[in-house]
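Participant: I have a structure I would like to understand better, so I am pasting it below and will then ask my questions one at a time.
The numbers here are math on the coordinates, done by the rules we state, and not lab data. Keep in mind that what you see is a predicted model, and the values were worked out from it rather than measured. Every residue, glycine as well, gets a Cβ built from its backbone with ideal geometry; the counts of neighbours run over all protein chains shown.
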Amino acid sequence: MLSFRIPLAIAALTAGTLTIHASTQAATAAEVKTASDIQIVSLTNEHGMSIKVTNYGAIIMSIVVPDKDGKLADVALGYDDIRSYTNAVDKPYFGAVVGRYGNRIAKGKFTIDGEEYSLPINNPPNSLHGGIIGFDKVIWDIQVEESKNAVKLSYLAKDGEEGYPGNLSCSVTYTLTDENEIKVEYFATTDKATPVNLTQHTYFNLAGEGEGDILDHQLMINANRFTPVDETLIPTGKTPAVQGTPFDFTTAKAIGRDINSDNEQLRFGGGYDHNWVLDKGGQTGELTLAARVVEPKSGRVMEVSTTEPGIQFYCGNFLDGRLIGKSGKEYVYRGGFCLETQHYPDSPNQPNFPSTILKPGDEYETTTIFKFSTTK
Ligand code: BGC
């Protein structure tokens, strides 16, 4: 049975201060307010899997899935209330959509048609995840599509916002299917050529959020090459083979197996924080398997498929136990991993990478699916 609830909390953002108007009253889709309101929506499928989504940052706040014995756990790091997202130290982008350009742009500069653009440097010396107020920190319009068990979030990023050219009209739709999939569909159009690279920044721990580190998770990444970086995490432009390096996940292995190897790339990233070049088998732009993760004790499995050419595997190297999650547990060092489907970092400055420039009249359309199952 599909079920929709919007009863949790409604908040309004006024002059930069978040005022929470707690509401226990159930709201219907018709009551969804303007972009100045924050809503939290729950979707449930016929297997009892559920997700919670908010239009603040298009954040996925929770993903509750069964283990091999049917026991439910929330496998997404994050919080129960919006204020905790806005207050979190170091703003780790828990669950959010990042944009207008996910990952880094070198020195916050790029040139389109001879015009140079400058972005805020929020990750010195580079610009990261769309700038200071990226898509993870804005309020999206929200529309519940009840018949599809979906939530559509829309946002208009203005020409010049965070330094990017063009009015970018974009949306992300989360659909929870009865196959235990979260389908994420991104769409955007622009009135001026602009870089676009939208991704989802959920931190997963398939043992349950707050249940220690993720080093025992077995990971397969469907990629024979990756994009090594310099010490500021900007790609060198080369795409060497992973074979014979700690970056070889072509056959599943524990995330922790090679993570402490003596390797310059691992030193630069403080662990894995790199983009892999997905093997698309000649199916560029098609939905293909990108990664598979198994948590041995719970038997939970997550498969990631995408139309995108790359995936950033980031294993929570900057978590350090200071953030306390929704169930009161510390988010320890490497207590969650992200698999961010994307175009390669710094593409606007890398002539050999697939283009991320969206032009007027073009449509940006990408899909990523996170599918959950168990090993039983
Ligand atoms: C980046 C990391 C960054 C993290 C922020 C990831 O997508 O690759 O370098 O620290 O986001 O939470």
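Participant: List the aspartates and glutamates whose Cα lies under 18 Å from the Cα of K91, skipping any in the same chain that are fewer than 8 positions away.
Facilitator: Hits, sequence-local ones excluded: D80, D81, D136, E162, E209, D273, D320, E330, E340.
Participant: Run the simple label-point estimate for E231 and A254 please: 7 Å along Cα→C-beta, distance reported in nm.
Facilitator: Simple spin-label model gives 3.2 nm for this pair.
Participant: My understanding is that a pair violates if its Cα-Cα distance is over 18 Å; which of K68/K297; K297/K376; K109/K238 do that in this structure?
Facilitator: Beyond 18 Å: K109/K238.
Participant: So for I357, I139, fewest C-beta neighbours within 10 Å to most, what's the order?
Facilitator: I357, I139
Participant: Run the quick spin-label model on S355 and L72: label points 7 Å from Cα toward the beta carbon, then report their separation in nm to one decimal.
Facilitator: Distance between label points: 4.7 nm.
Participant: In percent, how large is the relative contact order of region 85-193, given Cα pairs closer than 8 Å and 6 or more residues apart?
Facilitator: Computed over region 85-193, the figure is 18 percent.
Participant: When only Cα pairs under 8 Å and 6 or more residues apart are kept, what is the percent relative contact order across region 229-376?
Facilitator: On the way: 229 pairs, mean separation 33.1, N = 148.
This gives 22 percent for region 229-376.
Participant: Suppose R0 equals 35 Å. What FRET efficiency, 1/(1 + (r/R0)^6) with r the Cβ-Cβ distance, do A241 and K297 give to the nearest 0.05? Provide the component values of the computation, followed by the final result.
Facilitator: Working: r = 33 Å, r/R0 = 0.93.
Rounded to the nearest 0.05, the efficiency is 0.60.
Participant: Just add up the charged neighbours of D69: K/R +1, D/E -1, any other residue whose Cβ is under 15 Å from the Cβ of D69.
Facilitator: +3
Participant: A follow-up question, please. If Lys and Arg each add +1 and Asp and Glu each add -1, what is the summed charge of the other residues whose beta carbon sits under 14 Å from the beta carbon of V332?
Facilitator: On the way: positive: R322, K329, R334; negative: E209, E211, D213, D216, D320, E330.
My count for the surroundings of V332 gives -3.
Participant: What whole-number distance in Å separates the alpha-carbon centres of region 56-89 and region 162-209?
Facilitator: So the two Cα centres are separated by 17 Å.
Participant: Report the extension gain between E363 and D216 in nm, rounded to one decimal, defined as 0.36 nm multiplied by the number of residues separating them, less their alpha carbon distance.
Facilitator: Working: separation 147, 0.36 × 147 = 52.92 nm, distance 3.99 nm.
Contour length minus the Cα-Cα distance gives 48.9 nm.
Participant: Here is a follow-up. Along the positive direction of the dipole of the chain (beta-carbon charges: Lys, Arg +1; Asp, Glu -1; about the Cα centre), which of I51, G321, I369 reaches farthest?
Facilitator: G321
Participant: Something else about it: Mind checking the full-extension length gain between I133 and S147? Use 0.36 nm per residue of separation minus the Cα-Cα distance, one decimal, nm.
Facilitator: So the chain would gain 1.7 nm between I133 and S147.
Participant: Further, regarding this structure: Describe numerically, in nm with one decimal, the distance between label points set 7 Å from Cα along Cα→Cβ at I112 and at N224.
Facilitator: Reported label-point gap for I112 and N224 is 3.4 nm.
Participant: In whole Å, how far is the Cα centre of region 244-301 from that of region 336-376?
Facilitator: So the separation of the two Cα centres works out to 16 Å.
Participant: Give me the number: length gained by fully extending E330 to D262, i.e. 0.36 nm times residue separation minus the C-alpha to C-alpha distance, one decimal in nm. Let's see the in-between values first.
Facilitator: Numbers: separation 68, 0.36 × 68 = 24.48 nm, distance 2.85 nm.
Going from the current span to full extension adds 21.6 nm.
Participant: Is the shape of region 80-237 best called rounded, prolate or oblate, per the rule: a/c under 1.5 gives rounded, else a/b larger than b/c gives prolate, else oblate, with a ≥ b ≥ c the square roots of the Cα gyration tensor eigenvalues?
Facilitator: Oblate.
Participant: Using helices alone, what [θ] at 222 nm do you get for the chain, with -39,500 (n - 2.57) per DSSP H run of 4 or more residues, divided over all residues and rounded to the nearest 500?
Facilitator: After summing the helix terms and dividing by residue count, I get -500 deg cm²/dmol.
Participant: Taking the Cα centre of the chain as the origin and placing charges on Cβ (Lys, Arg +1; Asp, Glu -1), which of T232, F268, F135 is farthest toward the positive end of the dipole?
Facilitator: So the residue we want is F268.
Participant: For the chain, with only Lys/Arg (+1) and Asp/Glu (-1) charged at the beta-carbon, what is the dipole magnitude about the Cα centre, in debye rounded to 20?
Facilitator: Roughly 400 debye, rounded to the nearest 20.
Participant: Return the sequence-ordered ³J(HN,Hα) values of region 257-262 in whole Hz as given by the Karplus equation 6.51 cos²θ - 1.76 cosθ + 1.60 applied to θ = phi - 60°, using x for Gly and Pro.
Facilitator: 4, 10, 5, 9, 4, 7
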